[in-house]
Amino acid sequence: MKTAIVLGATGGTGKALVSELLDRRIEVIAFGRSENKMKVLMEEFDFNPQLTYKLGDIFDSQTIISAAKNVDVMFQCANVKYQEMEEKLQLLGESVMQAADILKKKIVVVDGIYVYGHQVTKGDENHPQNPHTKKGKIRVEFENLIFSDKWKNAKALIVRLPDYYGPSAQTSYLQFTLEGMASQKSSIFLGNLKTPREYVYLPDAAKMIVNIAEKDDAYGENWNIPGTGLISGKEIIKIARNVTGNQKIVLPLKKNMIRLVGLFDPLMKEVVEMMYLTKEGFVLNGEKYENRIGSIPKTPFKIGLEENLHYLMEKK
């Protein structure tokens, strides 16, 4: 891979992938619709000559085709808001896959674990998909679209991440907590503070995603992007207090409280049905990656959280 385009480059996973690709001296085109955000991105990467940007609409395949015509691999990191998923996710998938198909490109699609539904286990890529939520069912339809036989020329793969954190993170569940603590404010934590949960550090995830993308035989498949392990909210907050010195209250928001907040906040209204993720021990199995790609990068939680928090504090 010598050139790549990152669709949704200013988002959490998109920015992490831009960073990883540049570290490998790969020429990167950042794609998005906001010129202001693109200019900020260029500045964040010190106007690296390997990085350029193209403006376009992720729902307009023609703008993607124009931007991606000379790249080796497309990375699809753009997403839609929870409250717009039912209406817009399939349209997004149609647009990016149509562009990849017309251009005869490899495309790496970044997704999550909603397709599995209620599970208390360690799941590999062949784990049954039994979603019980609206968003999980929509994501299954999205996967079916990505791997549809109607795309004759595109070569696609899907990478699945658990909840994540890292300097580029923006909308993850854990971000609410870390931003509040970094700002010396009272904060919230989505879910039970005692339940150990899986999180992946975005720079680690980006390394794994690019490693997978570089393997010709990886396409046509799902790939897990596992985290370092499990950690509870209490442990996260303890690390954050040591870094920030913030001793203010961190309020755990459980399902009933989020349902109440959702009466006034459309995003939180949509979070309610996903709260099962905060209390069940589903963990992504990384054996496929280890067997076919290599060792899994595992930044210890203490180091990753410290780096995330220092970044947030420097931004204030």
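Bear in mind these aren't lab numbers, they're just calculated from the coordinates by the rules spelled out. Just so you know, these numbers come straight off a predicted model, no measurement behind them. For neighbour counting, all protein chains shown are included, and Cβ atoms are generated from backbone atoms with ideal geometry for every residue, glycine included.
Details
- Shape call, region 85-139: gyration tensor on alpha carbons, a/c limit 1.5: oblate
- Compactness of region 1-127 as Cα Rg over 2.2 N^0.38 Å, two decimals: 1.10
- Euclidean distance between Cα centres, region 178-211 to region 43-115, Å: 25
- Unit charges on C-beta of K, R, D, E only; dipole of the chain, Debye: 700
- Label sites at LYS215 and GLU235, each approximated as a point 7 angstrom past Cα along Cα to Cβ, lie 2.8 nm apart.
- Among VAL96, VAL6, sorting on how many other beta-carbon atoms sit within 10 Å of each Cβ, with the fewest leading, yields VAL96, VAL6.
- Relative contact order of the chain: 18 percent, from C-alpha pairs under 8 Å at least 6 residues apart in sequence.
- Using the Karplus relation 6.51 cos²θ - 1.76 cosθ + 1.60 with θ = phi - 60°, the per-residue 3J(HN,Hα) values for region 183-191 come to 8, 6, 10, 5, 9, 10, 10, 7, x Hz, with x marking Gly and Pro.
- Out-of-range pairs (alpha-carbon distance over 32 Å; input LYS238/LYS269; LYS137/LYS315; LYS54/LYS279; LYS105/LYS255): LYS137/LYS315; LYS54/LYS279; LYS105/LYS255
- Amide H contacts of SER232 (H built 1.01 Å from N, in plane; Pro and chain starts excluded): ARG197 sit under 5 Å, all sequence-distant by 5 or more or on other chains.
- The chain, helix-only ellipticity at 222 nm - DSSP H runs n ≥ 4, -39,500 (n - 2.57), divided by all residues, nearest 500: -12000 deg cm²/dmol
- Share of Cα-Cα pairs in the chain lying beyond 29 Å, as whole percent: 35
- Most mobile of GLN98, GLN247, GLN170 in a GNM of the chain (Cα contacts under 10 Å): GLN247
- You can think of it this way: the chain between LYS150 and GLU84 has 21.2 nm of extra reach, that is 0.36 nm per residue less the Cα-Cα gap.
- Comparing LEU263, LEU91, LEU51 in a Gaussian network model of the chain, where Cα atoms under 10 Å apart are tied by springs, the biggest mean-square fluctuation is seen for LEU263.
- Chymotrypsin sites (Phe, Trp or Tyr not before Pro) lying in DSSP loop within region 1-61, provided at most 12 other Cβ fall within 10 Å: PHE47
- Candidates THR195, THR13, THR177, ranked by Gaussian network fluctuation over the chain, Cα under 10 Å, top entry: THR195
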